[in-house]
1. Using the structure shown, decide if Leu361 is without any contact (Cβ under 8 Å) to a residue 60 or more places away in the chain and among the aliphatic types (A, V, I, L, M).
2. Determine whether Asp81 is among the charged types (D, E, K, R), farther than 25 Å from Asp258 by Cα, modelled with pLDDT of 95 or more and open to solvent by 30 Å² or more (accessible area, probe 1.4 Å).
3. Identify the single condition in (1) open to solvent by 10 Å² or more (accessible area, probe 1.4 Å); (2) of a type in the set (Gly, Ala, Ser); (3) free of Cβ contacts under 8 Å to residues at least 24 places away in the same chain that Gly218 does not satisfy, given that it satisfies every other one.
4. Which one of these does Asn205 not meet: (1) over 30 Å from Leu94 (Cα atoms); (2) not in a helix (DSSP H, G or I)?
5. Based on this model, can you work out whether Phe279 counts as closer than 22 Å to Asn202 by Cα and among the aromatic types (Phe, Trp, Tyr)?
6. Considering only the range 300-307, I want to know if a residue exists there that is of a type outside the set (D, E, K, R) and more than 24 Å from Asn198 (Cα to Cα).
7. Does any residue in the range 309-324 that is within 25 Å of Ala346 (Cβ to Cβ) and at pLDDT 90 or above come within less than 8 Å, Cβ to Cβ, of a residue that is open to solvent by 30 Å² or more (accessible area, probe 1.4 Å) and of a type in the set (D, E, K, R) six or more places away or on a different chain, and which pairs are these?
8. Tell me the residue from Ala358, Ala346 that is surrounded by fewer than 16 Cβ atoms within 10 Å (Cβ to Cβ) and either closer than 30 Å to Glu183 by Cβ or in contact with a Pro (Cβ under 8 Å, 6 or more places away or on another chain) (or both), please.
Amino acid sequence: MMAAALALGLFFTPAASNAFDAITGTLRSFVPANMSNIGFISPAHGQPATPTKSPSDALYGYDRAVEQFKSVLSRRRAEIDSNQPLPNLPGQALYLARITMMSAYKDLTDAPPAKIGRPNKFGIPPAYFDADNEPLLDEYMNLFNIMQAPPFNAQRSDTPFEDVVDLGRDIARATGLDAASVEAAGRISLGLFLAETNGHQNIGNARSNKYKGSFQTGVSEDQNGRKKWAAIKESIATFDPALIARDTKEEARVGKLDHRYNHWTAVRDGLMNAHADLFRQIPAIVTALPDPIDQMKLFELIQIIPGPTKSALNSGNLANYKISDPTIMGYLRNNSIFTFGQADRARTSATLREILDAMWLFNEKFERALAKFSEIRARQKGEKPHS
């Protein structure tokens, strides 16, 4: 299935098994920090002219892609319902088929824009998804929920969203950030949880044998996060002993279990590994990107292309920072950014602002994160003062 999708030339995928699926919320592909060919660009700079398929070719390609998606969904459902052994990375073929279908639909709506249909319940722009296929995407997510179910011994939390907010806020507070930046860190952390797993704790990953748990980390990432947490625990204990008491309880509970399958330790270690150091830059990020959803997108982008994103943060010209390295552009396409349709795939470069705008598949998750964060903080402030 993967080979077939690649043969159709529908998208470039340098490390497909680790790409981010913004529908189900599982990661991912990392780019080494030195793989960056980036500088500054004016937003007025254009892209090369893009060929457009004829309406008949676009319709044929789309019909074929829909049938392909249906076939893969049906096959995987039959395997699950009959308790057959699933292939390695059982979600990969589904992911590729969905990407192929959405990309083919974008080609179709580009050919005659009048083909763009009605809005869909997933909030996907209508130019990229036919609302008549909502049942297919429902089945897609149902299958992933089955294939990525937590192991039997995973350790759940009764307050999974609150845990993320509290850990994110206290980690930021330990770095000396002001109150507004601490709030932003809690909000961003919650957005990352929803982006990583759609808010499901302790899940596996049907498209990767490496990334697991509530923050979809690898073993080395989790271990690195644990070391960084040990270095700031005492600082946090001085202003939030209750959180450290909870942490001690969870450490005793997890014992020798993989820390990624205890929700608390997975979130804690995931935040410490990839994001805690960058929390120090939140004041500058908020100034450059006032929209809270853009802020969440930036932190998620660090998961996908860490080197270029960090370089952009240090540039002093964040929004206009240009990425043009073909490998990095490939990683973006592999993570549902500039993936769908010939026009997107023909891009050879993009500014950071253009990349953030192209991360529209994340919008619904981050909007939910904003609403959930406001709900949590209002409840917490009603229960007790929480500076």
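1. No, not satisfied.
2. Judged against the criteria, Asp81 is a match.
3. (1)
4. With respect to (1) over 30 Å from Leu94 (Cα atoms); (2) not in a helix (DSSP H, G or I), Asn205 is out only on (1).
5. No; evaluated as a whole, the condition is false for this residue.
6. yes
7. Ala319/Arg353; Asn320/Arg353
8. Ala346
The values are calculated or read from the model by the stated rules, or taken from the named source; none is laboratory data. Everything numeric here is computed off the predicted structure, so don't read it as measured data. We place every Cβ from the backbone using ideal geometry, glycine too, and count neighbours over all the protein chains shown. With ligands, DNA and RNA removed, areas are computed over all heavy atoms of the protein, side chains included. Shrake-Rupley method; radii C 1.70, N 1.55, O 1.52, S 1.80 Å.
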